[in-house]
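Everything below concerns the one structure shown next.
The values are calculated or read from the model by the stated rules, or taken from the named source; none is laboratory data. Since we're looking at a predicted model, the values are computed, not measured. Here Cβ is always computed from backbone atoms with ideal geometry, including for glycine, and neighbour counts include all displayed protein chains. These area figures cover heavy atoms from the full protein model, side chains too; ligands, DNA and RNA do not enter into them. Shrake-Rupley method; radii C 1.70, N 1.55, O 1.52, S 1.80 Å.
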Amino acid sequence: ADLDMWVRLLEHGSALVIPRVTALYHVHAGQVSTDPKQMHAAHKAVLDSHADRPWCTRALQRRHEGVLAWDARRKSSGGALGGATAMRLAWRLASPQRTIGVVQLLTGRFKARRLAARLAPGGVPSVAILPGAPVDPSSVPGAVDLRDRGLAGALLHLLRRPTTRAVVRGRPRALLVRALGVEPVQPTRGRAGAP
């Protein structure tokens, strides 16, 4: 329903995409987005209902087929893409447009996860607690405790899912965190409270 509404609105004007969270979306049982099969069928229905529009090209439909093939294979293989599953997927993605669809899907999901990681479930900015930071995570709203991962593991986590801020100890770690696009926070000496 949302996709159909957005498509109809865009046919009568233009829109602006902004890289900022402006609303929190809560997932609950029974909604279409928790059932990929139902969601893909709904997307296909929207494409089919707009097939006569100039923007609904065969290339766009092929890209959607690539998304369907990717998600179906990932689901049927339990998330792993080994041997025969990978071969069947490669055959289905033989079309360049289908492959482009998968690349766009994975890129979009990666960006969405990075963007969503900047907020904790309650909507407050997320704060990573890195190894060596003298802060009790339970005293920090939106804390993501990375102390047990070691520095390399914590930085890899922030690369994939950056938080809004990160509590660090020392200037070198602050520079590393800033290079990942996360605002470093150094606790005041002698104070182990919230940043």
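When you go through Leu3, Leu24, Leu16 one by one, which is the residue that is at pLDDT below 85, surrounded by 10 or more Cβ atoms within 10 Å (Cβ to Cβ) and outside any helix (DSSP H, G or I)?
Leu24
Within 20 Å of Gly108 (Cβ to Cβ) and either at pLDDT below 85 or of a type in the set (D, E, K, R) (or both): does that describe Leu10?
In short, no.
Give region 98-121 a look and list any residue that's open to solvent by 60 Å² or more (accessible area, probe 1.4 Å) and assigned to a loop (DSSP other than H, G, I, E, B), or say none.
Arg118, Pro121
Can you report the number of residues in region 140-192 which are under 19 Å from Arg113 (Cα atoms) and in a loop (DSSP other than H, G, I, E, B)?
Final tally of qualifying residues: 9.
Kindly indicate whether any position in region 144-157 is within 18 Å of Pro121 (Cβ to Cβ), hydrophobic (A, V, I, L, M, F, W, C) and modelled with pLDDT of 90 or more.
yes
Test each condition in (1) surrounded by 15 or more Cβ atoms within 10 Å (Cβ to Cβ); (2) at pLDDT 90 or above for Pro187 and report the one that comes out false.
Every listed condition holds for Pro187 apart from (2).
So, Thr164, is that one open to solvent by less than 80 Å² (accessible area, probe 1.4 Å) and among the polar types (S, T, N, Q) or not?
yes
Out of everything in region 122-160 that is of a type outside the set (A, V, I, L, M) and touching a strand residue (DSSP E or B) at 6+ places or on another chain (Cβ under 8 Å), what residue ends up being least open to solvent (accessible area, probe 1.4 Å)?
Ser126
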